[in-house]
Amino acid sequence: MSKTGMWLLLISVLCIILIYVAKKKTKWFGLMVSILSFVVSIFIVIYSKSMTSSYLILFIIFIIANIPTAAQLVIFFKYREK
């Protein structure tokens, strides 16, 4: 299996786990995954700050690093309503 296939499999499994957690009665389990992803994105920006001095590049890194956070929140709120 290629690297792309492995990444797609990993992302699929993580989405299925997030959907399962979002359907639980307590909402904090589903939100903890998104909060953890947001914290990781902040650490990525802090680490990247030592490599660049441009605030525009840091902002772009922050936006790109938060794409998984946004996707997790969309999945959480979509399946939480049901």
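Brief remarks on what is shown
- Nearest-0.05 FRET efficiency for Trp7 and Phe77, computed from C-beta distance (R0 25 Å): 0.50
- Mean Cα-pair separation over length for the chain, i.e. relative contact order, pairs under 8 Å, 6 or more apart, %: 42 percent
- For the range 16-55, trypsin sites (Lys or Arg not before Pro) meeting the loop criterion (DSSP other than H, G, I, E, B) and having at most 13 other Cβ atoms within 10 Å: Lys23, Lys24, Lys25, Lys27.
- Only Lys, Arg (+1) and Asp, Glu (-1) charged, at Cβ; the chain dipole about Cα centre in debye: 380 debye
- Among Leu56, Leu14, Leu31, residue whose mean-square fluctuation peaks in a GNM of the chain (springs only between Cα atoms under 10 Å): Leu56
- Here the chain is treated as a sphere whose radius is the Kirkwood value from Cα pairs; by Stokes-Einstein at 25 °C and 0.890 mPa s it diffuses with a coefficient of 174 µm²/s.
Every number here is computed from the coordinates shown, using simple stated rules; none is lab data. Just so it is clear, the model here is predicted, and its values are computed rather than measured. Here the Cβ is made from the backbone with ideal geometry for all residues, glycine too, and neighbour counts use every protein chain on show.
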